[in-house]
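Structure first, commentary second.
Each reported figure results from applying straightforward, stated rules to the coordinates on display, with no laboratory input. Remember, predicted model here, so these are calculated numbers, not experimental data. Cβ coordinates were reconstructed from backbone atoms using ideal geometry, including for glycine residues, and neighbour counts include every protein chain displayed.
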Amino acid sequence: MGYFISFEGVEGCGKTTQIKLLHEFLTARGRSVLLTREPGGCAIADKIRAILLDAENHAMSPLAELLLYASARAQHVAEVITPALEAGRIVLCDRFFDATVAYQCFGRGIDRDTIAVLNTLACQETTPELTILVDCDPHIGLSRARKRIESSQGPREERFELEALSFHQRVRGGYLHLAAEEPNRFVIVNGDDTIETIFAAISEHVVQHLPEELRVIC
Ligand SMILES: Nc1ncnc2c1ncn2[C@@H]1O[C@H](COP(=O)(O)OP(=O)(O)OP(=O)(O)O)[C@@H](O)[C@H]1O
Ligand SMILES: [Mg+2]
């Protein structure tokens, strides 16, 4: 079996920046690494992503949102993540099931047990062994994310960026709560630091956590 690492944190905390650096770092050291993301990660789930992140879909009910996430995840896990792990690869996933608890439970107020049932159904036995939480003040994260959206082309994936700051504060609190519940799986890094400082912390943790057969040298 391979090794499954997820990245989590509020909008604009730096997940995508850091996961790409980790992908380069591990690939340069000869590991076979799959870089993927949620929602999305395969053709069917990418179509669901477009619905989920489209700011025009402001009428989407919290339950419809939750079920779309679960649906996209079920496809992504079955089609992409589980086969890669079975092939012995390291899987890096930009957001995974903790995001559903942080956003839909702590953010939207949906009952946690309902979310847990859907997460278990979608993931079966496939769960991250290590989760990097890039913790960041949502005020800073949102201003970074907005700048990125303004400067990028393609569809404006900003349905969540348009939520109130209080929503993002609850999401941040949710992530910290999850990290406290599972201290052996979560590693928290400070997303307010520079990109280089954050990556130094992440790479050190990953090097320490990788199983023997996948171990790399810093
Ligand atoms: N530590 C940092 N300091 C300053 N700017 C940063 C830092 N990390 C990332 N950025 C910049 O902030 C923007 C958002 O970063 P990134 O896309 O990596 O965040 P994200 O967590 O993936 O966001 P989203 O949740 O919207 O996908 C990018 O323009 C990136 O270059
Ligand atoms: Mg991102």
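DSSP beta bridges in the chain, what fraction antiparallel, as a percent rounded to 5? Among the beta bridges of the chain, antiparallel pairing accounts for roughly 5 percent.
Between the alpha-carbon centres of the stretch 70-84 and the stretch 90-167 there is a gap of 17 Å. For the stretch 91-209, a crude dipole built from +1 on the beta carbon of Lys and Arg and -1 on the beta carbon of Asp and Glu, taken about the Cα centre, is about 420 debye to the nearest 20.
Ranked for footprinting exposure by Cβ neighbours inside 10 Å, fewest first, 161, 79, 8 give 79, 161, 8. By the count of neighbouring beta-carbon atoms within 10 Å, fewest first, 136, 218 end up ordered 218, 136.
Taking the fewest neighbouring Cβ atoms within 10 Å as the starting point, the ordered list for 47, 15 is 47, 15. Taking θ as phi - 60° and the Karplus parameters 6.51, -1.76 and 1.60, the scalar couplings of the stretch 20-30 work out to 5, 5, 5, 4, 4, 4, 6, 5, 4, 9, x Hz in sequence order, x denoting glycine and proline.
Looking at the square roots a ≥ b ≥ c of the eigenvalues of the Cα gyration tensor of the stretch 3-213, which shape do they give, rounded for a/c under 1.5, prolate if a/b is larger than b/c, or oblate?
In terms of gyration-tensor shape, rounded.
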